[in-house]
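Notes to accompany the following structure.
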Amino acid sequence: MITLTNIRKTYAARGGGAPVHALADIDLTIGRGEVFGIIGRSGAGKSTLLRTVNLLESPSSGSVTVDGVEMTTLSAAELRQARHSIGMIFQHFNLLSSRTVFDNVALPLELAGMAKAEIGRTVEPLLDLVGLADKRNRYPAELSGGQKQRVGIARALASKPKVLLSDEATSALDPETTTQILHLLGDINRRLGLTIVLITHEIAVIKEICHKVAVMEGGLVIEQGPVFDIFAHPRHPTTRSFVDPVINRGIPDSLRDRLSPQPGLGSNPVLRITFTGEKATTPVISAISRQLNLDLNIWHGQIDEIQGAPFGTLVVEALGDTAKVDAAIALVKENNLGVEVLGHALPANH
Amino acid sequence: MLSPQIIDLLIKGLIDTLHMVAVSGAIGTLIGLPIGVMLAVTGRGELLQNFAFNKVMGAVVNMTRSTPFIILVVAIIPFTRLIAGTSIGTSAAIVPLTVAAAPFIARVVENAVREVDRGLVEAAQAMGATPFQIIRKVLLPEALPGIVAGLTLSAVSLIGYSAMVGAVGGGGLGDLGIRYGYQRFLPEVMLAVVIVLIVLVQIVQSTGDLIARRVNKRNLKS
């Protein structure tokens, strides 16, 4: 649906300094109907990147195609036409204070020259969709933040776009309202098959509704892929720093103190077993103890849900000899679960 | 007390003042409003960034605004004669008043338009609005409370300026105050003129404030 190829954005520095690279060699492909998240800290370039999709920012070089249309070579009039099929919502809503809820949602249709009666027929169902039918004659100043964003969403959907760009749409909202707005966006994505590209600095937003994610830092995409994979196996330290607070992959400090990288006298290996997707329900622990007669001492367990799929980790101390432990590891792998030896637990001090 | 003749003169002066202020204010708005919008949208990083236009138009506006009004009145007498056919009287006075009002209004409109949140322009651009649509559907309606407040300020200034056009026989309340109150030593006429002007300015200001509040939907109580 959206393809960004080799996108660069360079600003000439004021006062003749070295030029600033806001975006460097970005390649992204966003499929039809996907919810694609771009996460990064402020200044990472995510806002600039999002704006290249509808060419509010024109890239210094590279290609942007949306629904098969190369955006960078369009004339001003063609670009305006193309923008009718790309909706956008904003952190600060950007509603016209002088217009009622109804008239705000009607604005893009007025701009497109739609007849008044048809505007009414288009706007009413949208107000129902976002749950604001009773507020149609209110002004934005009379609405809460969440309601304002609902108006923003209805307005963005008015011209029946194929793509919705979301610029930190929930960053000015409280956690509860954020959840409601994200549910609304997820609902719209499923019901209308709308492709959504959102930028955020909140990993919880990615975890909640995105299918795929790109992590940005310093104008670069440092990691991208399906949300589940990125959460389960973050590679880049920045990605890890985003993921760790919401997905507990580690083990508590008190247990870590007992771990040694090398086996010692009377030590037992400590394994981390990761369960992903539907395999999270495999009864592998009881299988190990039954089939191998190996006792497992559970240290720490955690189960999360990413994109509706369970993701669990279990840290266990294997109380048995090397042969049995190796057999256990093999058995875990046979079940297509992840397993790694974290270290060796020394006997507790007596 | 005031004699009936003086009362007649006060009424005529008030009508002349209202006439001059209304006509010069209306024409000044017709000229100043589009110039103000153009100044706002051609500035750095704005919708229709155009340095040349912005600098030249800004310089013209500043030139008129930095000339003291009484000098402007005398300096443009040939122009006044060309437009009004005469350089004396109420109609003639409307010309310098308009010349002074238009750039003043242009600046207050420019400020009001600049106050509009940049995000609204971006949102309209993202919807595929043309620059003209953005001006008409976004900038002007959103700037309206500020424009109304600015026009009120302009009207009050014009009432003040209109007192000076007596210098070219412009008539009006200011002229009455100078000729009768000052030159003929009739302090009660001067007092009456001042009171009428104070009341007039109050009415203009209150009406302007009321309209500005009515069109401002930004601070509604839910």
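Bear in mind that the values in this text are calculations on the coordinates, not laboratory data. Computed from a predicted model, the values in this text were never measured in an experiment. Positions of Cβ are generated from backbone atoms using ideal geometry, with glycine treated the same way; all protein chains shown enter the neighbour counts.
Annotations
- Treating each Cα of segment B:93-222 as one equal point scatterer and applying the Debye formula with no solvent, the log10 of I(q)/I(0) at q = 0.10, 0.14, 0.18 Å⁻¹ comes out as -0.48, -0.75, -0.99.
- Hydrodynamic radius of segment B:4-215 per Kirkwood, over alpha carbon pairs, in Å: 18.5 Å
- Mean residue ellipticity at 222 nm, helices only, chain B: -24000 deg cm²/dmol; runs of at least 4 DSSP H residues each add -39,500 (n - 2.57), and the sum is divided by the number of residues.
- Couplings 3J(HN,Hα) for segment B:155-162, derived from phi with the Karplus relation 6.51 cos²θ - 1.76 cosθ + 1.60 (θ = phi - 60°), are 4, 5, 4, 5, 4, x, 4, 5 Hz, where x marks Gly and Pro.
- In degrees, nearest ten, helix A:175-192 long axis to first principal axis of chain A (Cα): 70 degrees
- Rg/Rh, computed from the Cα trace of segment A:186-306 with Rh as the Kirkwood radius, has the value 1.07.
- Residue-averaged 222 nm ellipticity for chain A, from DSSP H runs of 4+ at -39500 (n - 2.57), nearest 500: -10000 deg cm²/dmol
- Ranked B:Arg44, B:Arg136, criterion: other C-beta atoms within 10 Å, fewest first: B:Arg44, B:Arg136
- Sorting A:Lys46, B:Lys137, A:Lys162 from the fewest to the most surrounding beta carbons within 10 angstrom yields A:Lys162, B:Lys137, A:Lys46.
- Derived scalar couplings between HN and Hα for segment A:89-100 equal 10, 10, 4, 9, 6, 6, 8, 7, 5, 8, 10, 6 Hz in order, rounded to whole Hz, by the Karplus curve 6.51 cos²θ - 1.76 cosθ + 1.60 (θ = phi - 60°), x for Gly and Pro.
- Remark: segment A:222-236, residue by residue, has Karplus-estimated 3J(HN,Hα) of 8, 6, 8, x, x, 4, 4, 5, 5, 6, 6, 9, x, 9, 7 Hz, where x stands for each Gly or Pro and the curve is 6.51 cos²θ - 1.76 cosθ + 1.60 at θ = phi - 60°.
- For segment B:1-106, alpha-carbon Rg relative to the globular expectation (2.2 N^0.38 Å, N residues): 1.36
- Between 0 and 90°, nearest 10: helix B:51-66 axis offset from chain B longest Cα axis: 20 degrees
- Helix A:145-157 vs. chain A, principal-axis angle (Cα, 0 to 90°, nearest 10): 70 degrees
- Partner chain coverage, peptide A:88-98 - average Cβ within 10 angstrom: 6
- Across the protein assembly as shown, the volume of the C-alpha convex hull divided among the residues equals 243 Å³ per residue.
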